[in-house]
Amino acid sequence: MRGRRGIVQAAPARSGLPDQASPGLLLGVLVYCGLVIAVIGTLGTPLIPTIATDLHVSLADAQWLLTLTLLIGAATTPLIGRLGDGPHRRTVLLAGLGAVGAGSVLAATAASFVQLLVGRGLMGIGMGLMPLALAIARDLLPPSRVGPGIAALSITVATGAGLGYPLTGLIADTFDYHAGFWMAAGLAGAAMASVVAVVPGRASARPAPGRVDLRGALLFAAALSPLLLALSEGRAWGWTSPRVVSLLVVGAACGVGWALVELRTANPLVELRYLRARPVLVADVCAALAGFGMFNAMTLINRLAQAPTSTGYGFGASPAVLGLVILPLSAGTVLASRWSRWLGPRTGGGRGLLVTGLLAVALAQFGLAVRHDHLVELGAATFLFGVGIGLAFAAMPALIIGSVPPQETGSATSFNQVLRTAGGSVGSALGAAMLAAHTPAGSSQPGESGYTLAFGLAGGVCALAVLAALALPASPRDGARATGPATIPAARPAELATPREEPVGTAASRPTMADDVEP
């Protein structure tokens, strides 16, 4: 095929790959893995009040069962994405699922809060596996199935969360919270067996990405950890205390150091130069802001629904009832995946889907800030939330995959996942911190004003995401210009000029920045 400035020889991306199962079965296994990852990622959230009571810890400390999982997920996702950008994607996928299974068993047998935290931390590794599933789908699915497959995988994060709440709640009400983690271990084991049976051992014909940037991985984790700790403990220690200020300074310094390392190393975890492409930059910014809103809402709805009725605003809901309140989230994401096929062409493609989805999320947040007097209002908000997240999360990977070379699929989509998870970590920690700030002395429950302000803040953050999405080009033709020669990365020209092996008709075979390089 002919690029805009030279000739690029195209060959089927599946050359050299072993025989594989039918596309439908392969996609089904990848979607199942995505659902398992999402269910496990939010598993501890409905159980936070129960665990806090049983293990005699505060609600703020118990919130770390979610925050730590998100932190580990954000810290390991770039490393997993880079390890998976090569011929060993199935091995990396199996190793990640194995870590999830081990963490689940550790949590299921926990007799102390510390052991439970360690188990949840291992389970967080699973949150970095979704980019691998996207990369496998891009390489192995037929051209006609790539777009719908990526859209289906993209919404599993929200769909799985909506399914995980009622399932966890039912198990917790019938047995105890340990049973939920045994369930997670079983789900992870089934996912591993499915991957072994269906995904080819050599899930990509692409060469290994080279030496892994361990320095970058450590610096990225060192940048996130102090920030989350400062947000979580800011009220207890004092927002202007030396410890909080020091943590924020250390986090910022490590963040700058990480960016410098990524820009200078030969094999970065994340190729930051691709942020020069407007669709990639906008998708990443929106991912961070939408992640903040999603996990902030999950934290607040969870706490609000289970708050005692004696507070005057709580519903005293059991984990099972809470699950039913969250279940509309899954219904909303599934409907969004169907509506997107009709809505996309009528709203300007990816830009329209992203704006529409983020606007729905913001409206749901503002609606809860104004009214949260009945469980049906919480359920209606989670449905609208699911529709918005489904549309937005389906648009983001497509924007990125259409703007980066194929060899950077895992890295680029993993960074988007990182920002989504990092935003969720901040949203979870800040939501809990705002509730703690509005908890009267001697009381275990916050005042209602804490929920109102926290929902309002999350709505404001999602409104900022809408404004960011409006910066995308208004049409596909404008999008092509936005990713033209001016945005070509300066680094590693030999790699970008290498003939690409792409199946004709996939998102990856459309002109990208790699096509602008003269061979």
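The values are calculated or read from the model by the stated rules, or taken from the named source; none is laboratory data. Treat the numbers as computed from the prediction; the structure is a model and nothing was measured. Cβ atoms come from the backbone with ideal geometry, glycine included; neighbour counts cover every protein chain shown. Accessible surface is based on the protein model in full, side chains and every heavy atom, while ligands, DNA and RNA are left aside. Shrake-Rupley method; radii C 1.70, N 1.55, O 1.52, S 1.80 Å.
There is at least one residue in the stretch 156-173 that is closer than 24 Å to Pro23 by Cα and of a type in the set (A, V, I, L, M, F, W, C). Residues of the stretch 310-337 that are of a type in the set (A, V, I, L, M, F, W, C) and within 15 Å of Pro49 (Cα to Cα): Phe315, Ala317, Ala320, Val321, Leu322.
Residues in the stretch 442-459 that are hydroxyl-bearing (Ser, Thr, Tyr) and part of a helix (DSSP H, G or I) were compared, and the one that is surrounded by the most Cβ atoms within 10 Å (Cβ to Cβ) is Tyr451. Screening Asp54, Asp61 for residues that are of a type in the set (Asp, Glu), at pLDDT 85 or above and farther than 25 Å from Val199 by Cβ leaves exactly one candidate, Asp54. Under the condition of being open to solvent by less than 10 Å² (accessible area, probe 1.4 Å) and closer than 14 Å to Leu399 by Cβ, the residues counted in the stretch 349-366 number 4. Collect the residues in the stretch 172-186 that are surrounded by fewer than 24 Cβ atoms within 10 Å (Cβ to Cβ), part of a helix (DSSP H, G or I) and of a type in the set (A, V, I, L, M, F, W, C), keeping them in residue-number order. Matches in the stretch 172-186: Ala172, Ala179, Trp182, Met183, Ala185. For the stretch 102-121, does any single residue satisfy the condition of being aliphatic (A, V, I, L, M), closer than 19 Å to Ala217 by Cβ and open to solvent by 50 Å² or more (accessible area, probe 1.4 Å)? Looking through the stretch 102-121, none of the residues is aliphatic (A, V, I, L, M), closer than 19 Å to Ala217 by Cβ and open to solvent by 50 Å² or more (accessible area, probe 1.4 Å).
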